[in-house]
Amino acid sequence: MDDHINHGDSKEVSQTDSRAPNESAVSLRRMSKQQIFTLISMASVNFSSMICYSILGPFFPNEAKKKGVSQTIIGLIFGCYAIFNLTASLILGKYIVQIGPKFMLISGLFVSSVCTILFGLLDRCPGMIDFIVLCFIVRSIDAVGFSAAMTSSFAIIAKVFPNNIATVVGSLEIFTGLGLIIGPPMGGILYESFGYEVPFIILGCFVLLMVPFNILVLPNLSASPTGGSLIQLFAHPKIVLLCFVVFTLSSGLAFIDATLAIFATEKFQLSAGFVGLLLIGVSLPYCLSSPLLGFASDKYPSLRKWLVVMGGIGTAAGFCLLGPTPIFHISHQLWLFVFMLTIIGFSLGMTGIPVFPEIITCAYENGFEEGLSTLGLVSGLFGAVWSSGMFFGPTFGGFITQTLSFEWASAIEGAIGFLSSFLLGTYFFYEVRWKNRLPQAAPRRVPAGERDPLLG
């Protein structure tokens, strides 16, 4: 392999990350300058990207509804973002070495910021058809930019912190959570105070400022392409099941983005600002629990698989009671609604933080070479599966909500989550049993006074 980091302290990075796996705690005093700069850069990317992504939830569905757009079309507007994100993730993950991770990340931020600003001008469209068409176009281009930023960021983190992936990802998810926490209420408050355009223009300009910042801060990474393809990576049953769990998580979150605002407004008579505060119920527990869950995943690698399963079950239970499911005959109560959002947020951390390093470990165990090419493939696959869930959630969820009700749509999301967790848990159970049944090698016995020839 010819992977290296171009920034003057590459030797220091190598020494830092060559520690044994049991010495996986990240310390600022142990980190090199490149690693510190990388953390700062990734934190800015996570925060700025998520604050822009999350501002639509509190007010865009209602704004689109005023223009005569149906719930199904609103779901498709949210869903088209995921389709283009999926396609871009697969392509960009495959060619991250040729493009360069730094260039990919900075270009993605620039495209996303411009599209956010343009999206704020769409309320000036005179007709419903024009509004819908331009929403699809701008959201689709924005998705490509977001995919470039996220695919490269995951690969960079895994490259610079090979022994601490879950710990670093979990710590950086604080900034993801902050973006998700601040975005909805800020978007709702700005919308109520200044109208539709201002939230997008302000936050789009904020992301635009992150472009020169990351040009200065982010180290350059380069590598040589290696073998392996997405088809080979996706052929392993364990990776398929892990991806199914990722799919259910992103599907559920995207379903909430597309449907919660209208349901909460009609059922609990809440304003756009209060709907934004409701979404904090998902992001705050995720933000607070992610660092601890990441540390536990790196400290006890054997625990990762069970965290993924338990988190999936918790998420599924949260969706079943979010409506709540009509067969339970539970009345709608605001405290229960908020509590289930909190359960979903915490369970998302239990599943989302360990699953990325678990997929990387599985890839290495099945013959993929260690390096930026493999990390790009894994990051691209992760982004593609996440995006497919982001398309399915609002599209299918919006259709079920319009046809039946929000309660039934939420119940179906929960049922899919239970199925994925059950299948993955069953696989892990038989995997552990199979490993325990393997014959253990008997210890070598060397007569007293003789030297073992294997020891030289």
Equivalent ellipsoid dimensions for segment 287-369 as semi-axes, Å, which come from the Cα gyration tensor, largest first | 32, 13, 8
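Helix-derived [θ] at 222 nm for the chain: sum -39500 (n - 2.57) over DSSP H runs of at least 4, divide by residue count, nearest 500? Before the final figure, lay out the partial values.
Values: 17 runs with 346 residues, N = 456.
Roughly -26000 deg cm²/dmol at 222 nm, from the helical runs in the chain.
Quick check: convex hull over the Cα atoms of the chain, volume per residue in Å³, rounded to an integer?
Working: hull volume 71.0 nm³, N = 456.
In the chain, the Cα convex hull volume per residue is 156 Å³.
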Grab the Cα-Cα distance for Tyr300 and Gln232, subtract it from 0.36 nm times how many residues apart they are, and report the gain in nm with one decimal.
-> 21.7 nm
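Can you list which of the DSSP-assigned H helices in the chain have a Cα extent of 24 Å or more along the long axis and an average Kyte-Doolittle score of at least -0.5?
Long hydrophobic helices here: 33-53, 71-94, 101-119, 128-160, 165-194, 197-217, 237-268, 280-299, 304-322, 334-365, 372-403, 406-437.
With the Cα gyration tensor of segment 33-221 in hand, give its eigenvalues times 5 under a square root as the equivalent ellipsoid semi-axes, listed largest first in whole angstrom.
Working: eigenvalues 186, 61, 38 Å².
The equivalent ellipsoid of segment 33-221 has semi-axes of 30, 17, 14 Å.
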Assuming R0 = 30 Å, can you tell me the calculated FRET efficiency for the pair Ser271 and Ala43, based on Cβ-Cβ distance, to the nearest 0.05?
-> 0.45
Per residue, in Å², the accessible surface of the chain once ligands and nucleic acids are set aside, probe 1.4 Å | 42
A chain fully extended from Thr426 to His332 at 0.36 nm per residue, minus the present Cα-Cα distance, gains in nm 30.4 nm
Leaving out ligands, DNA and RNA, what percent of the accessible area of the chain is carbon and sulfur, probe 1.4 Å?
-> 69
For Asn220, residues with placed amide H under 5 Å, excluding near neighbours = Asn6
Enumerate the amide H contacts of Ser70 below 5 Å, restricted to partners 5 or more residues apart or on another chain; note that Pro and chain-start residues carry no placed amide H.
-> none
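Above 29 angstrom, tally the Cα pairs of segment 154-303 and express them as a % of all pairs, no decimals. Write down the numbers at each step before the final one.
Working: 4085 of 11175 pairs.
Tail fraction, whole percent: 37.
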Distance histogram in 10 Å bins (all Cα pairs of segment 224-437, percent per bin) = 8, 32, 33, 18, 7, 1
If you place +1 on the Cβ of every Lys and Arg, -1 on the Cβ of every Asp and Glu, and leave all else neutral, what size is the dipole of segment 288-393 about its Cα centre, to the nearest 20 Debye?
-> 340
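How much length is gained if the chain between Leu404 and Lys33 is pulled fully straight, taking 0.36 nm per residue apart and subtracting their Cα-Cα distance, in nm to one decimal?
On the way: separation 371, 0.36 × 371 = 133.56 nm, distance 5.51 nm.
Net length gain for the segment: 128.1 nm.
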So the number of lysine pairs in the chain with alpha-carbon atoms under 16 angstrom apart, 8 or more residues apart or on different chains, is 9
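The values are calculated or read from the model by the stated rules, or taken from the named source; none is laboratory data. Model, not experiment: these values are computed from the prediction. Cβ coordinates were reconstructed from backbone atoms using ideal geometry, including for glycine residues, and neighbour counts include every protein chain displayed. With ligands, DNA and RNA removed, areas are computed over all heavy atoms of the protein, side chains included. Shrake-Rupley method; radii C 1.70, N 1.55, O 1.52, S 1.80 Å.
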